[in-house]
Amino acid sequence: QVQVVESGGGLVQPGGSLRLSCVVTGTISSPYGMGWYRQAPGKQRGLVATITSLGTTNYTESVKGRFTISRDSAKSTAYLQMNSLKPDDTGVYYCLVATAGQGYWGQGTQVTVPS
């Protein structure tokens, strides 16, 4: 079975940095894209950043210039480097691994940036 596991969340002060990791295991068809989504309390889950198998990236406007998504195909891992964190960045961050026919979600990792 395909499994997606996030790690690296925690509590960080405003202006601080955090690096999230997403590892996919099991047999998965290629190519596949990877992405990070987040969900704040009482709010819909929304896109943070995506990266294709060829390395093309996309970011939601609010994180441009602060967050960087990357991937290491040999390790089947995606990363989200988060800098200059703000309280509005607080939420559960989920990793999505998407093939042409199916998507796989991780269980999420909590990121908290207090006011």
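Could you tell me the calculated FRET efficiency between Ser29 and Asp72, based on Cβ-Cβ distance and R0 = 30 angstrom, to the nearest 0.05? Working shown, then result.
Working: r = 19 Å, r/R0 = 0.62.
Taking R0 as 30 Å, the efficiency between Ser29 and Asp72 is 0.95.
Report the relative contact order of the chain, percent, no decimals, based on alpha-carbon pairs under 8 angstrom and at least 6 residues apart.
Numbers: 282 pairs, mean separation 41.7, N = 115.
With pairs under 8 Å counted, the relative contact order is 36 percent.
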**Asked** In a GNM of the chain with a 10 Å cut-off on Cα contacts, which of Val97, Val48, Val12 has the highest mean-square fluctuation?
**Response** Val12
**Request:** Please give the solvent-accessible surface of Ser7 in Å², to the nearest 10, using a probe radius of 1.4 Å with every protein chain present.
**Result:** 60 Å²
**Protein accessible area in the chain, 1.4 Å probe - carbon and sulfur %** = 48 percent
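So which trypsin sites (Lys or Arg not before Pro) in segment 4-57 are both in a DSSP loop and have at most 16 other Cβ atoms within 10 Å of their Cβ?
Numbers: sites: Arg19, Arg38, Lys43, Arg45; in loops: Lys43, Arg45.
Sites meeting the loop and neighbour criteria: Lys43, Arg45.
Could you give the length gained on full extension between Trp105 and Gln13, defined as 0.36 nm per residue of separation minus the Cα-Cα distance, in nm?
Using 0.36 nm per residue and subtracting the Cα-Cα distance, I get 30.4 nm.
Which order do Leu80, Leu96, Leu54, Leu11 take by accessible area at a 1.4 Å probe, largest first?
Working: Leu80 0, Leu96 30, Leu54 160, Leu11 120 Å².
Ranking Leu80, Leu96, Leu54, Leu11 by accessible area, largest first, yields Leu54, Leu11, Leu96, Leu80.
Which FRET efficiency, nearest 0.05, do Val5 and Ser115 yield, Cβ-Cβ r, R0 41 Å?
Values: r = 30 Å, r/R0 = 0.73.
The computed FRET efficiency comes out at 0.85.
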**Complete:** Highest GNM mean-square fluctuation among Ala49, Ala74, Ala98, for the chain with Cα springs under 10 Å, belongs to Ala74
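Note down the magnitude of the dipole of segment 1-109 about its Cα centre, charges +1 on Lys and Arg C-beta and -1 on Asp and Glu C-beta and zero elsewhere, to the nearest 20 debye. Please report the intermediate quantities before stating the final value.
Working: 9 positive and 5 negative charges, 18 e Å.
That gives a dipole near 80 debye.
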**Fill in**
Labelled set [x] 7.3; [y] 6.5; [z] 6.9; mean projected area of the Cα convex hull in nm² computed from this model equals the value at [z]
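With a 1.4 Å probe and every protein chain left in place, work out the accessible area per residue of segment 73-115 in Å², rounded to a whole number.
48 Å²
The values are calculated or read from the model by the stated rules, or taken from the named source; none is laboratory data. None of the values given here were measured: they were computed from a predicted structure. Ideal geometry is used to build each Cβ from the backbone, glycine not excepted, and the neighbour counts take in all protein chains shown. These accessible areas exclude ligands, DNA and RNA; they are computed on the full protein's heavy atoms, side chains included. Shrake-Rupley method; radii C 1.70, N 1.55, O 1.52, S 1.80 Å.
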